[in-house]
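The values are calculated or read from the model by the stated rules, or taken from the named source; none is laboratory data. These figures come from a predicted structure and were not determined experimentally. Glycine gets a Cβ as well: all are built from the backbone with ideal geometry, and neighbour counts include every protein chain shown.
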Amino acid sequence: MTQSIAQALWAALGEAKVRTDAETLNARRHDYWVLSHVRDHVGTPGPPPVCVVRPADVADVQTTLRLASAAAAPVIPFGQGSGVVGGVLAGADSILLDMGAMNAVRSIDPVNLLAAFDAGKNGLEAEQAVAAEGLTIGHWPQSVAVSSVGGWVATRASGQFSTAYGNIEDIVHSIDAVLPDGEFVVLGKGPRASSGPDLRHLMLGSEGTLGVITGVTLSLRRAAEARLVSAFEVADMRAGFDFQREVIQSGWRPPVVRQYDGRESRRLDSRAQACLILMVHEGPATLVGAESAAVAQIAARMGVAKAPGDIVEAWLDHRNTVPTWDAFLGRGIVLDTVEVSADWDRIALIYDDAVASLQAIPGCLAGSAHSSHVYRSGLNLYFTFAVQTDEPGRMEAIYLDGWRRIMEATDRHGGSLSHHHGIGRVRREYLTRELGLAGVSLLQKVKKALDPHGIMNPGALIPDA
Ligand SMILES: Cc1cc2nc3c(=O)[nH]c(=O)nc-3n(C[C@H](O)[C@H](O)[C@H](O)COP(=O)(O)OP(=O)(O)OC[C@H]3O[C@@H](n4cnc5c(N)ncnc54)[C@H](O)[C@@H]3O)c2cc1C
């Protein structure tokens, strides 16, 4: 069956768009998920897909999904492979749908402040295209240079400037998609609508399980007129959370607000004594001036000390560095980063509980966190754990144990189990805790209705019925 689907795709799309050579298949086995890299490292790599399809347009995507539906062959959409939760994991019978050839800038509209892109467009290239017109998407995930516009939507991504500019769901104007049966839909119209449920949310966070995003129209901003930075230092995480809450609930929206615990603060800047808070103020010059002055006043009133602004400048310069896992794995170090969120009244409990639990792992080198996205009702935490072992055979178990400790600590105190990386395969077993049994059942019904043959990215996001 597997070879016959490759042959059918070959006949329908042509040789150039359906690759079966070992090098291409091997390069598309998985995304950036640490566990896939651990499995490669310890000599238990997953299988390659049957073929890699590179559609050139919507019609190619429709053809692929119709043939896959008829053959009940799994289809795994691939943007740029920067996902970190195992959203892309080839199965031996799967078609890997690489969106990389659908990479056009379709239009830039400076009147309505809209830009339309093919879904496979690289994020940084998309930003550069609008920057040339004096505009910005304002969406800056650390992975901006190695992720796609369609991938941002599929994972509900967040950028570093989210506090003022919003997460991807606040930036998306409309989404084009092909459903599993091959039907093409356009979801979203106008700046806002009250036309029933917002169907864009079927694709936002769908992680390739409900269809293929083929195009995305994003709502832009004019490039900021002015930028100022502020830095502060607080004695502990609780004092920092109180300060952030006061700033945000007073009505100020610095696009970047980041708070590092003591360990991460020292890693960021050796002068740090305790917990650093970094802010970037951006926008019209009068607003930027007023905001930075108001935040400084709040800090003075709350006894929060200033820190050198060059720490923020250094962060701005190095913020989009993409690490590789292999050097760590080669030294027996299992590591990952895990993001969660919670309301103000529980965030410190989660921080304390999860960090203590991580630091109790035998061989723990690091168990730390920072926050990077703040809201009126709470904020996220972004944990890092690193554990060293001299037993390669235990790496997978150690990895899953680190994750379990963060998920359980977050769940214990009523937090949300993912802020922006998505569910993929690593969090799938925890989804019932997040959505409840009824919520998971609803998601399964939506999946069944849209994808009756279960072809779209099986094993990701949605637990089996
Ligand atoms: C160093 C590093 C830093 C990161 N920083 C951030 C960050 O700051 N903020 C953040 O939100 N994330 C971050 N990420 C995670 C990742 O970059 C995002 O999840 C990103 O949105 C994934 O985009 P991608 O194109 O690489 O998607 P992929 O990894 O290719 O795919 C991710 C998921 O989306 C699905 N998918 C991809 N394209 C489509 C499509 N066209 N249609 C349907 N489904 C599709 C895939 O099947 C998969 O389930 C980071 C990752 C790394 C490695």
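If the condition is being small (Gly, Ala, Ser), surrounded by fewer than 21 Cβ atoms within 10 Å (Cβ to Cβ) and within 16 Å of the ligand (Cβ to nearest atom), then the range 200-247 contributes only Gly205. Of the helices (runs of 4 or more DSSP H) lying entirely inside the range 303-416, those carrying at least 2 residues that are among the basic types (Lys, Arg) and modelled with pLDDT of 95 or more are 395-412.
Residues in the range 98-154 that are more than 10 Å from the ligand (Cβ to nearest atom) and basic (Lys, Arg): 1 in all. Leu65 falls short on exactly one of the conditions (1) crowded, with 20+ Cβ neighbours inside 10 Å; (2) touching a helix residue (DSSP H, G or I) at 6+ places or on another chain (Cβ under 7 Å), and that condition is (2). Among residues of the range 155-172 being touching a Gly at 6+ places or on another chain (Cβ under 6 Å) and not charged (D, E, K, R), the one that is nearest to the ligand (Cβ to nearest atom) is Thr155.
The residues of the range 71-92 that are more than 16 Å from the ligand (Cβ to nearest atom) and not in a helix (DSSP H, G or I), listed by number, are Ala72, Ala92. Only residues that are part of a helix (DSSP H, G or I) and buried (at least 17 other Cβ atoms within 10 Å of the Cβ) were counted in the range 25-46, giving 8.
Based on what the data block shows, is Gly402 more than 30 Å from Gly166 (Cβ to Cβ) and either surrounded by 22 or more Cβ atoms within 10 Å (Cβ to Cβ) or within 16 Å of the ligand (Cβ to nearest atom) (or both)? Taking the combined requirement at face value, the residue satisfies it.
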